[in-house]
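Participant: Structure in structure tokens, see below.
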């Protein structure tokens, strides 16, 4: 399956986002992790790294990588 190209890490950083959310590609698994984005070069696209991930819960290869604008912010309970 061909995935659409996503933004580069440089574009993500320019918008003030420094972390990524990585979701397992199997919608039934629902496993996700938060990860700082400083390990990837500016010219790398989020879609470039998606095939590299292997879910630590179900073992499936592939992921959906998205910017994580809420990194480090605590949610408030109301």
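What follows is calculated from the coordinates using simple rules that are stated; it is not laboratory data. Source: prediction; values computed, not measured. Glycine also receives a Cβ, built like all others from the backbone with ideal geometry; neighbour counts cover every protein chain displayed.
Participant: Roughly what would the spin-label model give for residue 35 and residue 15, points 7 Å off Cα along C-beta, in nm?
Facilitator: Label-label distance for residue 35 and residue 15, simple model: 1.9 nm.
Participant: Moving on to the next point. Sum -39500 (n - 2.57) across every DSSP H segment of at least 4 residues in the chain, then divide by the residue count to get the 222 nm mean residue ellipticity, nearest 500.
Facilitator: Numbers: 2 runs with 10 residues, N = 78.
About -2500 deg cm²/dmol.
Participant: Stretched out fully, how many nm does the piece from residue 7 to residue 52 gain, at 0.36 nm a residue minus the Cα gap? Display every interim value, and only then the final one.
Facilitator: Details: separation 45, 0.36 × 45 = 16.20 nm, distance 1.69 nm.
Length difference between fully extended and current span is 14.5 nm.
Participant: For Kirkwood radius over Cα pairs in Å, which listed value, (1) 13.2; (2) 12.6; (3) 14.0, comes from the coordinates shown?
Facilitator: Correct label is (1).
Participant: Over the chain, calculate the relative contact order: mean separation of alpha carbon pairs under 8 Å at least 6 apart, over the residue count, as a percent. Present the calculation step by step, with values, prior to reporting the outcome.
Facilitator: On the way: 128 pairs, mean separation 28.6, N = 78.
Contact order relative to length: 37 percent.
Participant: Let me ask something else about it. In nanometres, what is the gap between the two model label sites at residue 27 and residue 71, each 7 Å from Cα along Cα-to-Cβ?
Facilitator: 2.8
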